[in-house]
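In what follows, a structure is listed as structure tokens, so that the remarks can point back to it.
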Amino acid sequence: MDADTLAMHPRAYLAPIRQLLLEPGLRRAIVLLGPRRVGKTILIRHLMADLLNSGISPHRIAYVEMDHPLLHGQSLETLIRQIEEATPRDEGTRYLFFDEIQSHKDWEKHLKPLVDHRPDLRILVSGSAAAALKRQSTESGAGRFTDFLLPPLTFSEYLQLRQEPPAILEETPGLYALEDIHHLNDQFVDYVKFGGYPELALSPAIRNDPERFVKSDIVDKVLLRDLPQLYGIKDIQELNSLFTLLAFNTAEEVSFEQLSKRSGVGKPTIQRYIEYLEAAFLIKRVFRVDQDGKRYQRERNFKIYLTNPAMYTGLFGVRSPDDADFGHLVETALFAQRFHENARLNYARWGTADNEVDLVESSPALKPIAALEIKWSDRFISRPELLKGLMKFVHNNHLPIAWSTTRTQFGKRQIDGSELRQWPAAVLAFHYGTRAIQGRLADYEAQVKGITD
């Protein structure tokens with residue numbers, strides 16, 4: 001097995017997936033979902049190494065790349081029979097890993113009877129076109145499949161993977177030791193440029209040509225192959241042009257009307273394409289709320305975020321932290337720490353141009369519980385009154401705390417009965433990423449306990 005892969009720090013999600021895979025009484029297949037190149041194959045290899053290290057015979061472990069041309073048209077049953085015929089008879093559970101399962105038509109219909117009738121098999125499949133896979137597994141595999149989403153690297157995970165020591169550490173939950181904000185900002189800027197993909201984050205050779213890695217190996221495969229195959233898209237160039245337009249405007253407000261005029265594509269088609277792009281985890285749409293945190297009945301405007309700021313580097317080149325548009329990438333990076341949670345995230349805008357808030361989090365009852373204004377500047381430390389929209393929103397919704405980011409400085413003060421907390425964007429990104437992983441692991445542990453009880 002690849003020594004470089006095994007030397008890489010395992011993702012935090014390895015433990016709950018391993019627990020499900022090894023649970024003897026569990027009659028389910030694991031469906032590992034996620035965008036291309038976020039480390040699904042690496043996680044599978046870590047799982048296989050873990051099985052081997054625990055003493056399981058290599059004859060009982062098999063890995064299949066389902067997108068290999070020679071496997072086109074073969075059923076899962078046929079592949080399993082070939083695996084069993086090619087390996088010595090070995091009593092005990094057999095562990096099977098099918099990578100890039102979306103390449104196999106009607107995979108879920110073939111997987112379901114294997115789960116039902118082959119208790120001697122433990123199966124994990126992985127796939128990139130997440131929403132399509134999830135939808136299909138829900139329709140035909142209810143109670144037989146367990147979905148796991150593997151998101152891009154968070155900032156805290158990225159710092160763990162690097163050889164260079166991180167400039168910030170979590171000492172106790174929610175309490176951090178910051179070595180030097182300027183050093184941390186250097187690491188954060190590096191994350192914004194390259195950090196969401198493990199290979200791009202760690203390989204100097206790939207960093208020298210990020211356009212080839214992102215565009216050719218991620219975007220083009222999704223836009224030119226995965227989505228057309230799944231949804232029958234005929235005008236691939238139209239889809240590609242729309243995605244490029246959306247990616248360039250990450251963290252900015254757009255509308256169907258505006259996008260239609262700029263792209264020449266009809267509004268119904270744009271709406272459908274955005275749903276497809278969300279399905280592949282390339283982008284995420286965030287909706288607008290008013291000063292009371294309520295969604296507008298007619299949603300003409302919305303924000304689009306790339307799910308990984310490093311995608312912008314691959315599409316449009318490296319940006320300097322002093323460039324005018326770098327603030328949008330900082331906002332994209334902060335959003336990327338949380339988009340894969342179940343958090344209800346919106347943005348607020350109402351009335352005049354001053355009345356806006358970058359991110360609003362709502363409770364299950366759709367009441368605002370947090371508000372964040374994202375700045376890549378320290379000038380608001382001395383002039384917090386310029387954060388008009390944030391403070392109006394916090395006051396109007398009786399929130400005790402308002403959050404705003406800075407570039408290097410911390411601040412805390414009382415304004416109109418609410419506390420304004422200002423943290424450097426890099427520190428808040430580390431906090432969000434750490435909390436997101438801890439929260440998801442807790443959710444997975446509860447899910448595993450609920451399944452296995």
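The values are calculated or read from the model by the stated rules, or taken from the named source; none is laboratory data. Since the structure is predicted, the reported quantities are computational estimates derived from the model, not experimental observations. Every residue, glycine as well, gets a Cβ built from its backbone with ideal geometry; the counts of neighbours run over all protein chains shown. These area figures cover heavy atoms from the full protein model, side chains too; ligands, DNA and RNA do not enter into them. Shrake-Rupley method; radii C 1.70, N 1.55, O 1.52, S 1.80 Å.
Assorted remarks:
- With respect to (1) in a strand (DSSP E or B); (2) buried (at least 17 other Cβ atoms within 10 Å of the Cβ), the lone exception for A436 is condition (1).
- Any hit, segment 289-301, residues being modelled with pLDDT under 95 and aliphatic (A, V, I, L, M): no
- Members of segment 333-366 found to be within 30 Å of V38 (Cα to Cα), over 19 Å from the mean Cα position of the chain (by Cα), assigned to a loop (DSSP other than H, G, I, E, B) and in contact (Cβ under 8 Å) with a residue 40 or more places away in the chain, listed by number: none
- Scan segment 85-132 for residues that are of a type in the set (S, T, N, Q), modelled with pLDDT under 90 and closer than 23 Å to G34 by Cα and the total you get is 3.
- Matching residues in segment 238-270 - criterion: being within 24 Å of G127 (Cα to Cα) and surrounded by fewer than 19 Cβ atoms within 10 Å (Cβ to Cβ): N240, T244
- For segment 367-425, residues that are in a loop (DSSP other than H, G, I, E, B), without any contact (Cβ under 8 Å) to a residue 24 or more places away in the chain and either open to solvent by less than 20 Å² (accessible area, probe 1.4 Å) or touching a helix residue (DSSP H, G or I) at 6+ places or on another chain (Cβ under 9 Å) (or both) total 3.
- Residue match in segment 307-325 (condition: open to solvent by 70 Å² or more (accessible area, probe 1.4 Å), part of a strand (DSSP E or B), more than 15 Å from A402 (Cα to Cα) and not hydrophobic (A, V, I, L, M, F, W, C)): no
- Residue that is over 26 Å from G143 (Cβ atoms) and exposed (fewer than 14 other Cβ atoms within 10 Å of the Cβ), where the choices are G92, G55: G55
- Identity of the residue in segment 9-38, small (G, A, S) and either open to solvent by 10 Å² or more (accessible area, probe 1.4 Å) or in a helix (DSSP H, G or I) (or both), that ends up modelled with the lowest pLDDT: G25
Results for (1) charged (D, E, K, R); (2) assigned to a helix (DSSP H, G or I), shown as yes or no for each residue.
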{"residue": "G55", "(1), (2)": "no, no"}
{"residue": "V64", "(1), (2)": "no, no"}
{"residue": "R81", "(1), (2)": "yes, yes"}
{"residue": "F97", "(1), (2)": "no, no"}
{"residue": "V115", "(1), (2)": "no, yes"}
{"residue": "P119", "(1), (2)": "no, no"}
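- Within segment 364-381, the set of residues being modelled with pLDDT under 95 and of a type in the set (G, A, S) comprises just one member, A365.
- Counting only helices (runs of 4 or more DSSP H) that fall entirely inside segment 214-283 and contain at least 1 residues that are touching a strand residue (DSSP E or B) at 6+ places or on another chain (Cβ under 9 Å), the qualifying elements are 236-248, 256-263, 267-279.
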